[in-house]
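Each remark here refers to the structure printed beneath this line.
The values are calculated or read from the model by the stated rules, or taken from the named source; none is laboratory data. Fair warning: this is a prediction, and the values are worked out from it, not measured in the lab. Because the Cβ atoms are built from the backbone with ideal geometry, glycine has one as well, and the counts that use them run over all protein chains shown.
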Amino acid sequence: MLCVDACNATLPRLKTGEKTRMTTRPLPLNGFKVLDLTAHRAGPTAVRQLADWGADVIKIEEPGGPDVDATGSRRNGPDFQNLHRNKRSLTLNLKSPEGKKIFFDLAKTADVVVENFRSTVKHKLGVDYESVKKINPRIVYGSISGFGQDGPYEGRPGVDQIAQGMGGLMSITGHAGGGPVRVGIAINDTSSGLLLANGIVLALLDRERTGEGQWVFTSLIEAQIYMLDFQAARYLIQGDVPGQEGNNHPTGTGTGMFQTADGYINIAAAGDKVWKRFCEAAGMADTLTHADYATPAARSKNRKALNALMVDVVRRHPNAYWVEAMDKAGVPCGPINTIDKVFADPQVQHLGIATPIDHPKYGPQKVVGQPIHMSRYPQPEKLKHTPEPGEHTDEVLNSLGYDQAAIAALRAKGAV
């Protein structure tokens, strides 16, 4: 059953960015075994979340698989190394009888299986939820597909950019009249992965009460629509079809990106209180009583002219001036950083999200760490390196009772 006694304890306040782990306390997911059948990005994002919080993840890979995956990412490249840390690697041919037997031997005592094949592939391989459930009713089986597990698009391949387009994001991204624009990250891969990880943890909690596992699944298209959030709600509730607004906020006036004397900056001066602070700090107090800008409705109606006024004022001073002035006035603002400047930012460095790894083959690395902070689980000083293909094959098979002669025979058959 769930342990609740710790909830009544008085906990020390955790400083954001604290990196020393309490070594005597297991991580929240220690003791849970995960079989990772994922590739590309969406599935690995879900599994990474489980691995970072302590799950024993066995990454199952094809024997002699390519060094370059379907997305063009090389194993020794930053993308792969960032996605697959904190795992063990087992090579296994799921199309061979011996390989499939090993998979099901592992599944008997596993807590979670995660896959992101096309919706029909797992059934062809015989490693679908119903097949695993027969030998382990407690299994939590997680799936991500492009468009769902059934329906008109069942089995249709889907990748992030396709979902960005079909899910409406590209229609609201970019400058008006400039044509659809993709966002600069794989937002559907990452969001669907995080949503699946959340669903898996919910299913594990449910299993504590019921004793039964279940199938948890999501898709890139559902994740994309979910991430539309208020833009989708505008249509569902009011019938509005949002368009492209460039760097302006879709609904709030006074918020956008502006060119300064030495760069670019975002300012968020929406709402009467913050707008008043901005105007007073920026030397635009006369606009507070101007009929065209005195109310939110007036500012919305005359947004183009208002933006022109703000542009004229903001470009007179450099970024540092505006950051200091707006911060003092209580107006949200910030510069437009390139990625190198992001990681050079003192607050980002304080948060410690660039986390080191020592890789035995590739040397010292840094990857993107966890953005979640828990008062009882300070962030680790280091993460475990992404394994080489089959790095832990012997170790995993030994745990199932295979000796070295048996493992050699499996390798000779191409089963591992």
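For (1) more than 29 Å from A55 (Cβ to Cβ); (2) in contact (Cβ under 8 Å) with a residue 12 or more places away in the chain; (3) out of contact with any helix residue (DSSP H, G or I) (no Cβ under 9 Å at 6 or more places or on another chain); (4) not assigned by TED's automatic domain parsing to the domain that holds A282, each residue gets a yes or a no:
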| site | (1), (2), (3), (4) |
| --- | --- |
| K341 | yes, no, yes, yes |
| A344 | yes, no, yes, yes |
| I357 | no, yes, no, yes |
| P360 | no, yes, yes, yes |
| G363 | no, no, yes, yes |
| K366 | no, yes, no, yes |
| G369 | no, yes, no, yes |
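When you go through V416, V348, V342, V396 one by one, which is the residue that is part of a helix (DSSP H, G or I) and either under 30 Å from S96 (Cβ atoms) or small (G, A, S) (or both)?
Details: V416 fails: part of a helix (DSSP H, G or I); V348 fails: either under 30 Å from S96 (Cβ atoms) or small (G, A, S) (or both); V342 fails: either under 30 Å from S96 (Cβ atoms) or small (G, A, S) (or both).
Just one listed residue meets the conditions, V396.
Given the criteria surrounded by fewer than 20 Cβ atoms within 10 Å (Cβ to Cβ), under 16 Å from the mean Cα position of the chain (by Cα) and not aliphatic (A, V, I, L, M), does Q149 qualify?
Criteria not met by Q149.
Take L205 and tell me if it is in contact (Cβ under 8 Å) with a residue 12 or more places away in the chain and either crowded, with 18+ Cβ neighbours inside 10 Å or in contact with a Pro (Cβ under 6 Å, 6 or more places away or on another chain) (or both). Break it down stepwise before answering.
On the way: in contact (Cβ under 8 Å) with a residue 12 or more places away in the chain: yes; either crowded, with 18+ Cβ neighbours inside 10 Å or in contact with a Pro (Cβ under 6 Å, 6 or more places away or on another chain) (or both): no.
When the stated conditions are applied, L205 does not pass them.
Which of the residues that make up segment 114-137 are among the aliphatic types (A, V, I, L, M), surrounded by fewer than 16 Cβ atoms within 10 Å (Cβ to Cβ) and within 27 Å of the chain's Cα centre (by Cα)?
Within segment 114-137, just V121 meets the criteria.
Return only the number of the condition from (1) within 22 Å of the chain's Cα centre (by Cα); (2) in a loop (DSSP other than H, G, I, E, B); (3) of a type outside the set (S, T, Y); (4) closer than 30 Å to K276 by Cα that Q379 does not satisfy.
Status for Q379: all satisfied but (4).
Considering only residues that are among the aliphatic types (A, V, I, L, M) and under 29 Å from L50 (Cα atoms), look in segment 167-196 and name the one that is surrounded by the most Cβ atoms within 10 Å (Cβ to Cβ).
Going through segment 167-196, the residues among the aliphatic types (A, V, I, L, M) turn out to be 169-170, 172, 176, 181, 183, 185-187, 194-196.
Within this subset, residues satisfying the condition of being under 29 Å from L50 (Cα atoms) are 169, 183, 185-187, 194-196.
Details: L169: 22, V183: 15, I185: 10, A186: 23, I187: 20, L194: 17, L195: 21, L196: 28.
Among those that are among the aliphatic types (A, V, I, L, M) and under 29 Å from L50 (Cα atoms), it is L196.
Return a yes/no flag: does segment 342-350 have any residue that is surrounded by fewer than 15 Cβ atoms within 10 Å (Cβ to Cβ) and either in contact with a Ser or Thr (Cβ under 8 Å, 6 or more places away or on another chain) or modelled with pLDDT under 95 (or both).
Of segment 342-350, the ones surrounded by fewer than 15 Cβ atoms within 10 Å (Cβ to Cβ) are 342-347, 349-350.
The next check asks that each one be either in contact with a Ser or Thr (Cβ under 8 Å, 6 or more places away or on another chain) or modelled with pLDDT under 95 (or both); those that pass are 350.
Yes: segment 342-350 contains one or more residues that are surrounded by fewer than 15 Cβ atoms within 10 Å (Cβ to Cβ) and either in contact with a Ser or Thr (Cβ under 8 Å, 6 or more places away or on another chain) or modelled with pLDDT under 95 (or both).
Of the conditions (1) assigned to a loop (DSSP other than H, G, I, E, B); (2) crowded, with 18+ Cβ neighbours inside 10 Å, P371 clears all except one; give me its number.
(2)
Considering each of G243, G211, G271, G199 in turn, give the residue that is outside the structural domain of A320 (by TED's automatic domain parsing), within 22 Å of A297 (Cα to Cα) and among the small types (G, A, S). Break it down stepwise before answering.
Details: G211 fails: within 22 Å of A297 (Cα to Cα); G271 fails: outside the structural domain of A320 (by TED's automatic domain parsing); G199 fails: within 22 Å of A297 (Cα to Cα).
That would be G243, the only listed residue that is outside the structural domain of A320 (by TED's automatic domain parsing), within 22 Å of A297 (Cα to Cα) and among the small types (G, A, S).
Got a sec? Which of T338, T355, T386 is surrounded by 13 or more Cβ atoms within 10 Å (Cβ to Cβ) and over 26 Å from P63 (Cα atoms)? Walk me through it before giving the result.
On the way: T338 fails: surrounded by 13 or more Cβ atoms within 10 Å (Cβ to Cβ); T386 fails: over 26 Å from P63 (Cα atoms).
Answer to the check: T355.
Tell me, please, whether a residue that is under 30 Å from the mean Cα position of the chain (by Cα) and surrounded by 15 or more Cβ atoms within 10 Å (Cβ to Cβ) can be found in segment 299-311. Walk me through how you get there before you give the answer.
Filtering segment 299-311 for residues under 30 Å from the mean Cα position of the chain (by Cα) gives none.
Among the residues of segment 299-311, not one is under 30 Å from the mean Cα position of the chain (by Cα) and surrounded by 15 or more Cβ atoms within 10 Å (Cβ to Cβ), which makes the answer no.
So which residues in segment 147-174 are over 30 Å from N247 (Cβ atoms) and touching a Phe, Trp or Tyr at 6+ places or on another chain (Cβ under 7 Å)?
Filtering segment 147-174 down to residues over 30 Å from N247 (Cβ atoms) leaves 147-157.
F147, Q149, Y153, R156, listed by residue number.
For segment 70-120, which residues satisfy the criterion of being at pLDDT 95 or above and in contact with a His (Cβ under 7 Å, 6 or more places away or on another chain)?
Listed by number, the residues that qualify are R85, R88, S89, L90, N116.
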